[in-house]
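Let me begin by presenting the structure, written as structure tokens, before commenting on it.
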Amino acid sequence: MKFKARVFIPRKLNYWKRNTLSEKISDFSGLFLLIVALIYYLFLRNINSESLIIKIFGITIFLPIFGLLISSFIRFKEYEIAKGDLINSISFENKGIQILDKLYLFSEIQNLRISYGNVVGDSTNNSKYGPMFSIGVNNYVEFTFENKKIRTYFQIQSRSQIEAIKEDLYHYVIHEVFPFKAKNLSFVDSQYHHYTDYKNFIEKMKREGKLS
């Protein structure tokens, strides 16, 4: 089979490790702006606007604004931070899914779900805050094995890996590597629906009464 990728294992990180430079600058600029506003409201609002302290204070208020502007420029070139570990590997094998050092056979797992499509370099859809580019770890395979739900995240680094997933899933379905269920047809990408092998498979399932 063709698909192989690195497993992503999420873990808790402290503030300094889980946030990018733009996020830190933005957070501290916002906090500084709040402190400045509180100081003015509590101690300085009744002081003459021409006094030296008010003029100095007026200059300092531009510092957090400048910080927010800097963070907004930095974020346009930033990638997410990997909030966990990337280790080898997950792969689709002839009869199951290999995750690290264990092979999970399709005949022994239930409720299989596969979510994929997040690739390194994709937009994070962060419109105003945080890094613009994804590190491609928002993909996972999930199933029940020995009455335990297992979810494994993995990284997709290129579009070719997505095509490999689609091709492998197509193979699994039409060759009945998956114990057949009608819902398994959802694993087959629409690009394969016009293939003769796929059409013949559908007709075969209908003849066998497995598909209405």
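The values are calculated or read from the model by the stated rules, or taken from the named source; none is laboratory data. Here the structure is a predicted model, which is why all the values come from computation and not from measurement. Virtual Cβ from ideal backbone geometry, glycine too; neighbours counted across all protein chains shown. Keep in mind that these areas ignore ligands, DNA and RNA; they rest on the heavy atoms of the full protein, side chains included. Shrake-Rupley method; radii C 1.70, N 1.55, O 1.52, S 1.80 Å.
So here's what we get for this one:
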| item | result |
| --- | --- |
| Proximal charge balance of Tyr140 [Cβ under 11 Å; K/R count +1, D/E count -1] | +1 |
| Segment 176-192 - phi-based ³J(HN,Hα) in whole Hz, Karplus 6.51/-1.76/1.60, Gly and Pro as x | 6, 5, 6, x, 5, 9, 4, 5, 5, 4, 5, 6, 7, 5, 4, 5, 9 |
| FRET efficiency, 1/(1 + (r/R0)^6) with R0 35 Å, evaluated for Lys2 and Arg207 via beta carbons | 0.70 |
| 14 Å beta-carbon shell around Met205, net charge (K/R +1, D/E -1) | +3 |
| Expected 222 nm ellipticity per residue - DSSP helices of 4 or more, -39500 (n - 2.57), all of the chain, to 500 | -10500 deg cm²/dmol |
| Largest-first ordering by accessible area, 1.4 Å probe, given options Lys2, Lys210 | Lys2, Lys210 |
| Gyration tensor (alpha-carbon) shape descriptor, segment 134-174, a/c threshold 1.5 | oblate |
| Computed magnitude of the charge dipole of the chain (debye, nearest 20; Cβ of K, R +1, Cβ of D, E -1) | 300 |
| Accessible surface ranking that places the most exposed of Ile81, Ile156, Ile135 first, with a 1.4 angstrom probe | Ile81, Ile135, Ile156 |
| At least 20 Å along the helix axis (C-alpha) and Kyte average at least -1.0, DSSP helices within the chain | 21-39, 159-174 |
| Extension reserve of the Leu13-Ser160 stretch, reckoned as 0.36 nm per residue once the Cα distance is removed | 49.8 nm |
| Added length on full extension, which subtracts the Cα-Cα distance from 0.36 nm per residue, Ile65 to Ile114 | 13.3 nm |
| Pair Phe57, Thr196: separation of 7 Å Cα→Cβ label points (nm) | 8.3 |
| Potential lengthening between Asp101 and Leu31 on full extension [0.36 nm per residue; Cα-Cα distance subtracted] | 20.6 nm |
| At q = 0.09 Å⁻¹, base-10 log of I(q)/I(0) for the chain (Debye sum, equal scatterers on each alpha carbon) | -0.55 |
| Surrounding net charge for Glu23, when Lys and Arg each add one and Asp and Glu each subtract one, Cβ distance under 13 Å | +3 |
| Label-point gap, in nm, between Asn184 and His171 - each point 7 angstrom along Cα→Cβ | 1.5 |
| Cα-projected label distance for Ser89 with Glu142, points at 7 Å along beta-carbon direction, nm | 2.6 |
| Largest-first ordering by accessible area, 1.4 Å probe, given options Arg113, Arg75 | Arg113, Arg75 |
| Ranked packing of 161-167, 32-38, 203-209, most packed first, by mean Cβ within 10 Å | 161-167, 32-38, 203-209 |
| Mean-position separation - Cα centroids, segment 144-158 and segment 161-181, in angstrom | 16 |
